[in-house]
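Only the coordinates and a few stated rules stand behind these numbers; no lab work does. Note that the coordinates shown come from a computational prediction; the quantities given were computed from them, not determined experimentally. Don't worry about glycine lacking a Cβ; one is built from the backbone with ideal geometry, like all the others, and counts go over all protein chains shown.
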Amino acid sequence: MLRDVEARVISNTRLSPDYNVIALAAPEIAEATQPGQFVMVKSARSADPLLRRPFSVFEVLRSNNRVEGLTLLSKRIGVTTKILYDAVAGDRIACLGPLGRPFEIVDPPVEAWMVAGGVGLAPFATLGEALLARGTKTTLFYGARTGAELFYLDWFQSRGIRLVLATEDGLTGDRGRVTVPLERELRELESRTPSPESRSQVMIYACGPEPMLEAVAHVAAKFRRPSQVSVERTMGCGMGGCYSCVIPVRGEAGSERTRPPHYVRSCIAGPVFRGEDVVWD
Amino acid sequence: MGLADLSVQIGALTLKNPLIAASGCFGYGVEYTEAVDLSTLGGVAVKGLFLKPREGHPPERIVETPSGMLNAIGLQGIGVHRFIDEKLPELRRLRATVIVNICGSTLDEYVELARILSDAEGVAALELNISCPNIKEGGITFGCSLHGTFDVVSAVKKVTALPIIPKLTPNVTDVASFARASEDAGADAVSLVNTFLAMAIDVETRRPELSNIVGGLSGPAIRPIAVRMVYECRRAVKIPVIGMGGIASARDALEFIIAGADAVQVGTANFVDPFIWQKLLDGITEYMRRHNISRIGDLVGTIDTTSREKEWISS
């Protein structure tokens, strides 16, 4: 159920000069959130900025089996992300959600490969937990500019998620974009199971900058693997009211039908799309 | 004192209260059912419809500016036939008072849309979009000419018994004369203002923020100008005036009503807070109780412009 909560800031952890994880006391929203869904947030104390901004729910916070709230992973780039970065415990953040179409979660024997670029790590904590709860073997491919911008590695590793890292400076993991190790492992998988019948199944999940999503969708298609990408476009309302966050797709959302390219609202038809449905620029 | 009477008369149509969701800011209404019971609204003005589906402009379609936003969506929409087949049955089921906003490239298209919608079940009124600043063809060319406004209103009036409400642009020198042209042509009400033509530039890249280069400014930034325009129109016409422009609270809605609006539309604020409607209704009711006003109609246009300085000057 949709709710708007003036959530108290429980804590705010600055991970780097740009990145932070802010914990918000919005248990009703957290409880209802499925992996890949998002919330629209703004300061509850100021009308500037006017519009809310979308954030994937990063973690659902639990204590003694009770849901306490949710966290957002944020990178400081604009006014709202600066408010989130500077917030202190006790501040109030208006939080509307949960919103959007979640990821489709795969079951064994299908494997899950999550591909994150930078702040695109955000939806993969809840998705990873949901996959593991079903016993799905899960890998996180995670790329950033430098090793200092790779966060929560222990969090994923301690839960049994295999990590494959890439940095642009090459000091941690592969040198280059996260699609470098992704493509290598897809090729290795192909060579291990050459016959179509014995082909092991993989679902690729991706979140990050749009050029990265395009590259992931392209690599996935090249190796004939399905993908789900979580996009972010400039969003006004998050509810389907304003028609600002549109993205061109050719598929009919949620079905096998195809149509000529047309704009759909990424807030309600997405933010999760099949990689092959999106018409990349 | 009994329950406050919030009802508003627009031609033959009675709205149960003066709060209308503004066209272009509320999708087709059905998107908002998790936030608001549509039957509790005075009206739902659905997203502007052409005869045929339209894709609209490429992104970027919006950008935030101080206390407001620019948009150039380009009237993306499903067209009137899919609206009647896919959205109207749901709106009927939800018992929404549906005001269909129609857009044409030619006078004949407005007439055709009015004919089609007059035959559809569950349409309460037509709002004529002659004021969208974001598309080249039609619409605004009618809305920026007194003859064009008169012609489109009278042509539509001939083919429908539905109340018709031309939506006026503020991008003219004298908006009141357009209200008068609408009234002369037989409009049942006028709604104003649509957005102000505006633009914003990213100085680092020197590129316009919107793909369409220019767009329409809405939000609290425009409210004082919109209030002034509603005030001018109230003095120019007898038909109901539906005011809008940056309303974000009950106080703002009351400001428009006191300036002369019989009803108000809320757009941008619904993006920020889709739960705003009950807060607006509660705030207006509370104000009426505090000021001992039993009918909202009794508040319309009650602005007191008598000078308080008189005695001091004469003494």
Report task. Along Cα→Cβ, 7 Å out, is where each label goes; now give me the distance between the ones at residue B:112 and residue B:298 in nm to one decimal. Result -> 5.0
**Report entry** Long-range HN-HN contacts of residue B:191 with modeled amide H, under 5 Å
**Finding:** B:167, B:168, B:242
Query raised in the report: Relative contact order, percent, of the range B:43-140 when contacts are C-alpha pairs under 8 Å separated by at least 6 residues?
Result: 31
Query raised in the report: Full extension from residue B:3 to residue B:146: what is 0.36 nm times the residue separation minus their Cα-Cα distance, to one decimal in nm?
Result: 47.3 nm
Report summary line: Rounded to two decimals, the Rg over Rh value of the range A:101-230 from Cα coordinates and the Kirkwood Rh reads 0.94
Query - Hits among lysines - C-alpha to C-alpha of residue A:75 under 21 Å, sequence gap 8 or more where chains match - result: A:42
Report task. May I ask you to evaluate 6.51 cos²θ - 1.76 cosθ + 1.60, the Karplus curve with θ = phi - 60°, for each residue of the range B:152-168 and list the ³J(HN,Hα) values in order in whole Hz, giving x for glycine and proline? Result -> 5, 5, 5, 5, 5, 4, 5, 10, 9, 9, 5, x, 10, 10, x, 9, 8
Report task. Rounding to the nearest 20 debye, state how big the charge dipole of the range A:101-230 is about its Cα centre with +1 on each Lys and Arg Cβ and -1 on each Asp and Glu Cβ. Result -> 240
Query - Neighbour-count ranking [beta-carbon atoms within 10 angstrom, fewest first] of A:168, A:28 - result: A:168, A:28
Requested in this report: Give the order of A:137, B:47 when sorted by the count of other beta carbons within 10 angstrom, beginning with the fewest.
Outcome: A:137, B:47
Report task. Can you tell me how much longer the chain between residue A:155 and residue A:77 gets when fully stretched, taken as 0.36 nm per residue apart minus their C-alpha distance, in nm with one decimal? Result -> 25.6 nm
Requested in this report: Return the distance in nm (one decimal) between the two label points of a simple spin-label model at residue A:48 and residue A:210, each offset 7 Å from Cα along Cα→Cβ.
Outcome: 2.9
Query raised in the report: So what is the calculated 222 nm ellipticity per residue for the protein assembly as shown, using -39500 (n - 2.57) for each DSSP H run with n of 4 or more, over all residues, to the nearest 500 deg cm²/dmol?
Result: -7500 deg cm²/dmol
Report task. Cross-chain or 8 or more residues apart, Cα under 23 Å: how many lysine pairs in the range B:67-217 fit that? Count them up, please. Result -> 4
Report task. Pull up the cross-link candidates among the aspartates and glutamates for residue B:47, meaning alpha carbon to alpha carbon under 13 Å and not fewer than 8 places away within one chain. Result -> B:31, B:127
Query raised in the report: Relative to the Cα centre, what is the charge dipole magnitude of the range A:1-123, using +1 at the beta carbon of each Lys and Arg, -1 at the beta carbon of each Asp and Glu, and rounding to the nearest 20 debye?
Result: 440
Report summary line: Mean separation of Cα contacts under 8 Å (at least 6 apart) over the residue count of the range A:101-230, i.e. the relative contact order in percent, is 26
Report task. For chain B, calculate the relative contact order in percent as a whole number, restricting contacts to Cα pairs under 8 Å that are 6 or more residues apart. Result -> 19
Query raised in the report: Across peptide A:4-11, how many C-beta atoms of other chains are within 10 Å of each residue C-beta, on average?
Result: 1
**Report entry** Using distinct alpha-carbon pairs, which all enter the 1/r mean, Kirkwood radius of the range A:3-99 in Å
**Finding:** 13.0
Query raised in the report: Mind checking the angle between helix A:124-133 and chain A's longest principal axis? C-alpha axes, 0 to 90 degrees, to the nearest 10.
Result: 60
**Report entry** Proxy reagent accessibility, fewest Cβ within 10 Å first, across A:185, B:204
**Finding:** B:204, A:185
**Report entry** Label zone at residue A:65 (point 7 Å along Cα-to-Cβ), backbone N below 20 Å, the range A:112-147
**Finding:** A:130, A:133-134
Report task. Determine which lysines satisfy two conditions relative to residue A:222: a Cα distance under 30 Å, and not lying fewer than 8 residues away in the same chain. Result -> A:137
